[in-house]
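One structure below.
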Amino acid sequence: MASTLQAVSLPATAGRDTGDRRPALLILPALIVLAVFFLYPLVSMAISAFTDPTPGFGNFSWFFGEPQNLKVLGRTFTTGLWVTVIALVVSYPYAYAMTIAGPRVRAVLTLLVLVPFWTSLMVRTFAWVILLQDTGVINGALQAIGLGPFDLIRTQTGVVIGMVQLLMPFMVLPLYAVMSGIDRRLLTAAGSLGAHPIKAFVKVYLPLSLPGVSAGCLTVFISALGFYVTPALLGSPTDALISQQIFTQVNGLLKWGRGGAMGVVLLGLTLAMIALLALTLRRTGRKVTG
């Protein structure tokens, strides 16, 4: 009897194994594309950092031995942090409004988030050049109410403003995806138990939205670290970020090893911060759930 059951179950198991391989085959072309256009350049950059012009750690010694390089690295992470924080502060209420709005208003709010994806990054950055210049719309409006003009173009402030607007969709969409799955009856239940609406929001709704916050912050922060066009057009050469320095080393000075070393350092620090954030979120999630 046992042998009969085993014989009957074998074809079904084999069928399931064959079916389980199909998703892997479907994603194989995407993996090949990523390997060719992402993994290969990354490995080439790392190799050049250790071999060009001579094998060893000379490029890394140069990077950490130059105070200017460390200053640029710190400025890059500071700018990325500011962009992430401001984008979160602006995007959180926007995403929340999308969850409580009616169908028509929600469609309009969603469209406003998606429209930037249909426009070139270069075009949007040039638009900010026009808006932020001394005779631009923003300074004109500020002067009309008795403020300004302010130096917004060729400053870190202008860079942060432009990057926040460009990266805001990457913060709004993860937030909305998580918030739309939160049962709003939880807030009603908390209120019925005597909790103030603000306290109920902070104690109930905010912890449940943390996965969206972490996903949005991570996406925006990593993207901000590698931004090149916006800092180059809106910022000053004296306040360059590390992406601009890498471009100068590779394309301007033809020092591929130094550019590769800067890229490896940036990648290593970024991965370390991702690991730290993941650990922090895991501990936060345990506190919320337990």
Quiz item: Any chance segment 277-288 includes a residue that's more than 25 Å from the chain's Cα centre (by Cα), free of Cβ contacts under 8 Å to residues at least 60 places away in the same chain, buried (at least 20 other Cβ atoms within 10 Å of the Cβ) and part of a helix (DSSP H, G or I)?
Solution: no
Quiz item: Looking at segment 228-245, is at least one residue crowded, with 17+ Cβ neighbours inside 10 Å and free of Cβ contacts under 8 Å to residues at least 60 places away in the same chain?
Solution: yes
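Taking the criterion of being within 18 Å of Gln68 (Cβ to Cβ), of a type outside the set (Asp, Glu) and modelled with pLDDT of 90 or more, would at least one residue in segment 156-167 satisfy it? So that I can check it myself, show each step before the final result.
So the first thing to find is which residues in segment 156-167 are within 18 Å of Gln68 (Cβ to Cβ), and the list is 156.
Those left that are additionally of a type outside the set (Asp, Glu): 156.
Then keep just the ones that are modelled with pLDDT of 90 or more; that gives 156.
Checked against the condition, which is being within 18 Å of Gln68 (Cβ to Cβ), of a type outside the set (Asp, Glu) and modelled with pLDDT of 90 or more, segment 156-167 yields at least one hit.
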Quiz item: Among the helices (runs of 4 or more DSSP H) contained in segment 1-116, which hold 1 or more residues that are at pLDDT below 85?
Solution: 2-34
Quiz item: Is it fair to say Val178 is in a helix (DSSP H, G or I) and touching an Asp or Glu at 6+ places or on another chain (Cβ under 8 Å)?
Solution: no
Practice problem: Could you tell me which numbered condition Ala190 fails, if it satisfies all but one of (1) of a type outside the set (Val, Ile, Thr); (2) surrounded by 15 or more Cβ atoms within 10 Å (Cβ to Cβ); (3) at pLDDT 90 or above? | Solution: (3)
Quiz prompt | Residue check for Trp128: farther than 30 Å from Arg258 by Cα, modelled with pLDDT under 95, in contact with a Ser or Thr (Cβ under 8 Å, 6 or more places away or on another chain) and not small (Gly, Ala, Ser) | solution = yes
Quiz item: If we keep just the residues of segment 40-60 that are out of contact with any Gly (no Cβ under 9 Å at 6 or more places or on another chain) and more than 30 Å from Val159 (Cβ to Cβ), which is surrounded by the fewest Cβ atoms within 10 Å (Cβ to Cβ)?
Solution: Pro55
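Results for (1) touching a Phe, Trp or Tyr at 6+ places or on another chain (Cβ under 7 Å); (2) closer than 28 Å to Ala46 by Cβ, shown as yes or no for each residue.
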| position | (1), (2) |
| --- | --- |
| Ala189 | no, no |
| Val204 | no, no |
| Pro207 | no, no |
| Ala224 | no, yes |
| Ile242 | no, yes |
| Val250 | yes, yes |
| Trp256 | no, yes |
| Gly259 | no, yes |
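The values are calculated or read from the model by the stated rules, or taken from the named source; none is laboratory data. Just so it is clear, the model here is predicted, and its values are computed rather than measured. Cβ: placed from backbone, ideal geometry, glycine included. Neighbour counts: every protein chain shown.
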